1. Quick one: which of 249, 245 is out of contact with any Lys or Arg (no Cβ under 9 Å at 6 or more places or on another chain), within 13 Å of the ligand (Cβ to nearest atom) and at pLDDT 95 or above?
2. Among the helices (runs of 4 or more DSSP H) lying completely within the range 111-227, list those that include at least 1 residues that are surrounded by fewer than 16 Cβ atoms within 10 Å (Cβ to Cβ), within 22 Å of the chain's Cα centre (by Cα) and not assigned by TED's automatic domain parsing to the domain that holds residue 279.
3. What is the residue count in the range 88-107 for residues that are more than 21 Å from residue 127 (Cβ to Cβ) and buried (at least 24 other Cβ atoms within 10 Å of the Cβ)?
4. Kindly evaluate residue 229 against the criterion of being among the hydrophobic types (A, V, I, L, M, F, W, C) and away from the ligand (no atom under 16 Å from the Cβ).
5. Would you point out the residue of the range 52-74, among those that are of a type in the set (D, E, K, R) and in a loop (DSSP other than H, G, I, E, B), that is farthest from the ligand (Cβ to nearest atom)?
Amino acid sequence: MWPLDGSSQTCHSRPMIKRQTTINRIFKVTGIGLHTGREVNLEFLPRREFGIAFVHNGNLIPARYDMVADTRLSTLIASGGSSVSTIEHLMAAFYFSGITNCLVYIDGPEVPILDGSAWEFYQGMWKAGVYEFPESGVYLRVQRTVEVSHNDSWVRMKPLNTLDITMTIEFRQPVGKQKKRVTDVENAFSIINSRTFTLEEEIEAIKKAGLAKGGSLDNAVVIGADDVINPQGLRYKKELVNHKILDLIGDLYTSGYRILGKVEANKTGHHLNNLFLRELFSDPANYAIY
Ligand SMILES: [Zn+2]
C-alpha cells in the first residue's frame with residue numbers, strides 16, 4: 001500500500017503499476033452534484049474486463065475519450081441515451097490509485113463534487129485496496145510528438161518513459177500566470193486534493209444559467225477581487241495550477257491507459273484535452289501499448 005500523505009511531491013514512491021488491477025472490495029460514495037445540486041450515490045464494483053465504465057439507468061458507458069459528448073463545463077460521457085458528467089476528478093483518482101478496471105454504478109447524471117478535488121474518491125479506493133490480474137497492457141507510450149492547439153491554448157506531448165507534466169494557467173489578478181512542472185506524476189500527491197476554482201464574477205452568470213446549484217465554498221475555491229474568499233485559504237500555494245493538472249490527468253485517463261510522455265500544456269481545458277486524445281489515437285504510429 002502507498003501512503004495517503006497529500007503533503008509531499010516526491011518522498012513517497014511506490015512501484016509502478018504493471019498489470020491490470022481492480023478494487024479489492026465494493027465501496028460507496030455519496031455526495032451532491034455541482035450543477036444539479038442533487039444527491040448522487042456511487043457504488044464501485046470490481047471488474048474483470050479492462051477499463052473503467054459507468055452504469056447509469058442500466059446503460060454501460062465506458063469512461064473513454066470516444067464516449068465524451070460534452071466538454072463545456074466538465075467532461076461528460078454518453079451512450080445508449082444515458083450520460084454522466086464531471087467524471088474528471090474521479091478518473092484522476094483511478095489513475096492515482098492504480099486502478100485500471102472498475103464498474104461505477106451511478107443513480108444520477110453527475111458525479112458528486114465532494115470537496116472539489118479527487119481526495120475522497122482516492123481515499124475510498126485506497127481503503128478498498130487493489131487486486132491485481134495477470135494481464136498487462138496498461139501503459140501507452142507516446143512515440144512521437146502529438147500536439148493540438150486553439151488560439152493561445154495547447155497541449156503537446158513528446159516521447160518519454162515517465163509522465164512529466166508542465167502546466168501554465170493565466171487568469172486575472174490575484175491569480176495571474178502560474179506555471180508548475182510535475183516530473184513524477186504517479187507520486188504527485190499534492191495534485192490529488194487540490195480543489196476546483198472559479199472567479200467570483202463568474203458565479204452569478206453560472207447560477208443564472210441554472211447551473212452550479214450545488215456550488216459552495218465547501219467544494220470550490222472562489223477567487224475574489226484581491227484574494228481567495230474561502231476562510232481557510234488555499235491548501236497549497238499552487239493549488240489552482242495543481243487542480244488544472246488534476247483535470248488533465250483525469251481527462252488523459254479517458255484514453256483507457258496510463259499515458260507516458262512529456263506534456264506541455266498551456267491554458268488547456270476539457271475540450272482541448274479530449275481533442276488531444278482524438279489526435280493521439282488518429283494514427284497508430286503515435287503510440288505503443290505495453
Ligand atoms: Zn476540475
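The values are calculated or read from the model by the stated rules, or taken from the named source; none is laboratory data. Just so we're clear, the structure is a prediction, and the values are computed from it rather than from any experiment. Here Cβ is always computed from backbone atoms with ideal geometry, including for glycine, and neighbour counts include all displayed protein chains.
1. On the way: 245 fails: out of contact with any Lys or Arg (no Cβ under 9 Å at 6 or more places or on another chain).
None of the others qualify; the one that does is 249.
2. Answer list for the range 111-227: 119-128.
3. Restricting attention to the range 88-107, the residues satisfying the condition of being more than 21 Å from residue 127 (Cβ to Cβ) are 88, 107.
Among the residues that remain, those that are also buried (at least 24 other Cβ atoms within 10 Å of the Cβ) are: 88.
Within the range 88-107, residues that are more than 21 Å from residue 127 (Cβ to Cβ) and buried (at least 24 other Cβ atoms within 10 Å of the Cβ) number 1.
4. Numbers: among the hydrophobic types (A, V, I, L, M, F, W, C): yes; away from the ligand (no atom under 16 Å from the Cβ): yes.
Judged against the criteria, residue 229 is a match.
5. Residues of the range 52-74 of a type in the set (D, E, K, R): 64, 66, 70, 72.
The next check asks that each one be in a loop (DSSP other than H, G, I, E, B); those that pass are 64, 72.
Numbers: 64: 19, 72: 13 Å.
Per the stated criteria, the residue is 64.
Okay, residues lined up against (1) within 13 Å of the ligand (Cβ to nearest atom); (2) touching a helix residue (DSSP H, G or I) at 6+ places or on another chain (Cβ under 7 Å); (3) free of Cβ contacts under 8 Å to residues at least 12 places away in the same chain:
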position	(1), (2), (3)
195	yes, yes, no
208	no, no, yes
239	yes, no, no
287	no, yes, no
